[in-house]
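Novice: My structure is below; once you've seen it, I'll send some questions.
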Amino acid sequence: MQFRVALAQLNPTVGALDANLVAALDAYRRAAEQGCDLVAFGELSLTGYPPEDLLLKPRFVADQRAALERFASATGACAAVVGFVDERGGVLFNAAALCVDGEVAGTYHKRLLPNYAVFDEVRYFEPGTGELAPFEVAGHRIGITICEDMWSADGPHVALAAGGAEIIININGSPYHLDKDVEREAMVAERARSIKAPIVYVNQVGGQDELVFDGGSFAVDANGALIARSPLFVEDLRVVDLTAGGEIDPALSGDDELYEALVLGTRDYCHKNGFTDVVIGLSGGIDSTLVACVAVDALGAEHVHGVAMPSRYSSQHSIDDAYALASNLGIDIRTISIEPAFAAYMEMLETSFEGRTPGLTWENVQSRCRGQILMALSNEFGWMVLTTGNKSELAVGYFTIYGDSVGGYAIIKDLLKLTVYDLCRHVNARAGREIVPENVIVKPPSAELRPDQRDDQSLPPYEELDPILALYVEQDRTATEIIDAGHDPDVVRRITRLVDIAEYKRRQTPPGVRVSRKAFGKDRRVPITNGYR
């Protein structure tokens, strides 16, 4: 089959219609110059995905339609499949336009609308209906589908193939979780074998709030064999001759893949929101260490600023570890003691607390002193504060609201504590030298808010805690089911209760990179006022 197609794996910004249009036109030009018969872009490629409640603004819908018309007018013999929002009589459709020879030659409306996990397309769109028919492009019959359409075994690709489609183009805004690329390739290969036709799968790339889109666009032949693949986490224009194939980039997996997702999500959240620099409270602990490593790889060492904020309970080795990390990463670091502020709070509250032993209250006051310092630096210098809490802590409420939870972005909020350790080891392994000081990895984790404090005085060991959290938070098991799976009943009841009562705190935390199948935020919407146990 003599047919050359370009997979335009671009990084759009939601709502940036002009910038997205310019990027699409540039990719189209390059594809046409390489003799392509067709270039395919991602789902809603002109608006960026997901546009969410921008779709409720009629002017936005009209403006993106005007952008489509401008794109179509620039096309020639090379056809293009472009994602856009189609409006018909006040009803919106998630759509793909076939543009060729200066006009929109055809339109396809997405049939299967996802309404689970992070998706809520039913809120905005109606599903496409009516007969399905392929389009004629360069002497070949092309079927067009959009993202979720392909995940159903009897989706519209079946009817399109039965109607004579020789090639299926599937455009996507498919967000990342670990090993999602493997699932996609296996699924599409099975679909190709079932209809005996090649499938071209194009995905967008980039960070959008808490979502990361990993790209990994690819093509398979009629036997399901991989014939081309774009890299993960970067923009790419992959040209494929369906008879001869194209270049196949190597896949990523495990810690390599997970780390790159964090880097991309952080870089795009900062840059797309106008921030060049970030500030991080460096405690000398494992969490702030990983956040700093990711930030440096995302933004460059010169744009990352560390702050050590010791109190009367801070150990010298933690301060030394923070400075060693900063030196290894090449970032600047300053020390701002919270002791004067902490002492002032104690004096201010002495009369009110007379006869009491505040305990946890003083621990939280220290954390809030640090939050105030970080936000002051942010306000003065325009640096975004990166918070350092992990998923294990967020799950059980082991953080201080308005303290260590303040900031603009939470890089590791979807990483369980044991994964944080794994990725810190990975940082050193991939660098071939010690970036993360060994002492940070081997010392017992501690908030250092009271004398000789350790995490395991307040929580079970993370080796016991994390598997319970994975079952309760990520797999929606009940406490009874987790106990039946062999976990300690008293520990399970305590931990699941902590997760439940911390929901109000999590609602007030910043967004962060989603890397699991179920993250706190869009994925998991549990009521705060909740009597079910």
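The numbers here are math on the coordinates, done by the rules we state, and not lab data. Every value quoted in this text rests on a predicted model; they were computed, and no experiment measured them. Ideal geometry is used to build each Cβ from the backbone, glycine not excepted, and the neighbour counts take in all protein chains shown.
Novice: Counting only DSSP beta bridges with both residues in the chain, what percent are antiparallel, rounded to the nearest 5?
Specialist: 55 percent
Novice: While we're here: Counting other Cβ atoms within 10 Å of each Cβ, which trypsin sites (Lys or Arg not before Pro) in the range 303-402 have at most 10 and sit in a DSSP loop?
Specialist: Listed in order of number, the matching sites are ARG356.
Novice: Beta carbons within 10 angstrom, averaged per residue: use that to sort the peptides 167-179, 91-103, highest first.
Specialist: 167-179, 91-103
Novice: Can you give the charge dipole size of the range 227-301 about its Cα centre, rounded to the nearest 20 debye, using +1 on the beta carbon of Lys and Arg and -1 on the beta carbon of Asp and Glu?
Specialist: 200 debye
Novice: Hey, another quick one. Of all beta bridges DSSP finds with both residues in the range 168-224, what is the antiparallel percent, to the nearest 5?
Specialist: Around 60 percent of the beta bridges assigned by DSSP in the range 168-224 are antiparallel ones.
Novice: If you don't mind, there's one more thing I want to ask. With point charges of +1 on the Cβ of Lys and Arg and -1 on the Cβ of Asp and Glu, referenced to the Cα centre of the range 4-247, which listed residue (GLY102, ASN170, ALA186) lies farthest in the positive direction of the dipole?
Specialist: Of GLY102, ASN170, ALA186, it is GLY102.
Novice: What is the fewest-to-most order of TYR269, TYR124, TYR504 by other Cβ atoms lying within 10 Å of their Cβ?
Specialist: With the fewest neighbours first, TYR269, TYR124, TYR504 line up as TYR504, TYR124, TYR269.
Novice: Now for a different question. If each of ARG430 and GLU464 carries a label point 7 Å out from its Cα toward its Cβ, how far apart are those two points in nm?
Specialist: With each label placed 7 Å out from Cα toward Cβ, I get 3.4 nm.
Novice: Just report the Cα centroid separation between the range 31-66 and the range 248-322, whole Å.
Specialist: Centre-to-centre distance over Cα atoms comes out at 33 Å.
Novice: Then there's this: Would you calculate, for the chain, the mean residue ellipticity at 222 nm contributed by helices, counting each DSSP H stretch of 4 or more residues as -39,500 (n - 2.57) and dividing by all residues, to the nearest 500?
Specialist: Rounded to the nearest 500, it is -11500 deg cm²/dmol.
Novice: Moving on to the next point. Relative to the first principal axis of the alpha-carbon coordinates of the chain, what is the inclination of helix 286-299, with its axis defined by its Cα atoms, in degrees from 0 to 90 and to the nearest 10?
Specialist: Between the helix axis and the principal axis of the chain, the angle is about 40 degrees.
Novice: Rounding to the nearest 20 debye, state how big the charge dipole of the range 460-500 is about its Cα centre with +1 on each Lys and Arg Cβ and -1 on each Asp and Glu Cβ.
Specialist: That gives the range 460-500 a dipole magnitude of about 180 debye.
Novice: Where nothing but the Cβ of Lys and Arg (+1) and of Asp and Glu (-1) is charged, how large is the charge dipole of the chain around its Cα centre, in debye to the nearest 20?
Specialist: Magnitude of the dipole: close to 740 debye.
Novice: Let me ask something additional. Does anyone have the angle between helix 58-73 and the longest principal axis of the chain? Alpha-carbon axes, 0 to 90°, nearest 10?
Specialist: 50 degrees
Novice: Which pairs, out of LYS443/LYS518; LYS180/LYS522; LYS272/LYS417; LYS272/LYS518; LYS110/LYS272; LYS391/LYS518, put more than 22 Å between their alpha-carbon atoms?
Specialist: Beyond 22 Å: LYS443/LYS518; LYS272/LYS417; LYS272/LYS518; LYS110/LYS272.
Novice: Now a separate question. List the residues whose amide H sits under 5 Å from the amide H of LEU415, counting only those 5 or more places along or on another chain, with H placed 1.01 Å from N in the peptide plane.
Specialist: For LEU415, the qualifying residues are LYS391.
Novice: Angle between the Cα long axis of helix 360-381 and the longest principal axis of the chain, 0 to 90 degrees, nearest 10?
Specialist: It works out to around 50 degrees.
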